[in-house]
């Protein structure tokens, strides 16, 4: 079971509170986790990745295990601790004013 | 008894203000979508309980919300705005080509007859239409394919399509306006478009009378006379009596002819309203006084309306989509400010009272008159 933590704005879109838990059947990568997340919560399509390019939106970051994974290739394996559910995969909105 | 519902979009959410026909006591409902920018929300003329809202964020992009119960509950619908074909380029601020890139929906205009059909004006400037209640969106690409499209440049707020006027007498005629390209009209339902900027004069572009490049801020019409258009341009208030074929200036005795919104009285097609702003470098009202100006002569002769509005130490702006009118017998006028106030007049502008004073900065105001 993969654990995903969403920022407040995306929890509002998805109508969830707290962590999201997902089954990911393929290799656990950014792409497979986000694919599973968007399949479960279609409201998140386009909010984390661009609809057309599937690239991470500029002010969205991906953290896990105290590391910034935002610039890792989308098909690179996520840390084992994320794959086993010991640690969550964090989707973070960059800090900016206002 | 009739009632009114005022739909307010702000920098940090949407608010719905309701009152009976007296327009004295108001209920404030919101924020909806707290923390998100709500550039615009508007109801369907064909089904007043059908509302559409543009919800966006610099972080998480565009969402479109739809309500079928007058704003009590909302449903996310489609947020994929894909330009038709290979979009090509427009010009960036520095004059270099830049690929068209979708940023946000500035304005939603529901069809006059079909609740499931709605138009969206977006940044970078393009017009989209949904015929399935907002679930899917298709670009009316003939606009961007206009021969001048590759030369369009953004204004300070971005290259935005912010005004959509549907002609109630001709389902195939639509007027739109883009900052800073100008006004355009289609007579074939959006297949082809022509620039309608003859008579505009803009000293801030190399050729002040060019076919395009004018920073049109807002256009308004009265539904009984769709060939008569009123325009608030970056500077200058303009009027056209031939569906945009030609324009003439009607700024007259305004203290400044810079501003953003313009609107028309519900029952008097020659009565129009603007909110003069000091200048394009000082986006606030002149002399610290918030005053709406009304012309009962279709322009040129203007009177200030300040009764009930702050007349000292006021330095707010009123944005282009932040004024609207109701259609009760005594026409109500409404506007919202960047200071978060929403003001209402139940007597066509003679006197004003704040409905609410401390919202986030107001981006848009629309009004529904309900039976």
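Only the coordinates and a few stated rules stand behind these numbers; no lab work does. This structure is a prediction, so every number in the text was calculated from the model and none was measured. With ideal geometry, Cβ positions are generated from the backbone for all residues, glycine too; neighbour counts draw on all protein chains shown.
A few comments on the model shown:
- Using the Cβ-Cβ distance between residue B:72 and residue B:353 with R0 = 30 Å, the FRET efficiency computed as 1/(1 + (r/R0)^6) comes to roughly 0.70.
- For segment A:2-93: rounded, prolate or oblate by the Cα gyration tensor [a/c cutoff 1.5]: rounded
- Sum of -39500 (n - 2.57) over DSSP H runs of 4+, divided by residues of the protein assembly as shown (222 nm, nearest 500): -1000 deg cm²/dmol
- Other protein chain Cβ atoms within 10 Å, averaged over every residue that makes up B:52-60: 5
- For the pair residue A:75 and residue A:95, label points projected 7 Å from Cα toward Cβ lie 3.6 nm apart.
- Rounded FRET efficiency, nearest 0.05, which uses the C-beta distance separating residue A:8 from residue A:40 and R0 of 22 Å: 0.75
- Cα→Cβ-extended label distance, 7 Å offset, between residue B:89 and residue B:256, nm: 3.6 nm
- The distance separating the Cα centre of segment B:281-305 from that of segment B:101-143 comes to 32 Å.
- Spatial separation of Cα centroids for segment A:50-98 and segment B:1-33, in angstrom: 39 Å
- Cα gyration tensor shape of segment B:3-370, rounded if a/c is under 1.5, else prolate or oblate by comparing a/b with b/c: rounded
- Burial ordering of B:124, B:347, fewest other beta-carbon atoms within 10 Å first: B:347, B:124
- Exposure proxy shown here: for B:254, B:7, the number of other Cβ atoms within 10 Å sets the order, fewest to most, as B:254, B:7.
- The overall shape of the protein assembly as shown is prolate: from the C-alpha gyration tensor, with semi-axes ordered a ≥ b ≥ c, the ratio a/c is 1.5 or greater and a/b exceeds b/c.
- Taking 0.36 nm per residue of separation and subtracting the current Cα-Cα distance, fully stretching the chain between residue A:86 and residue A:54 would add 8.8 nm.
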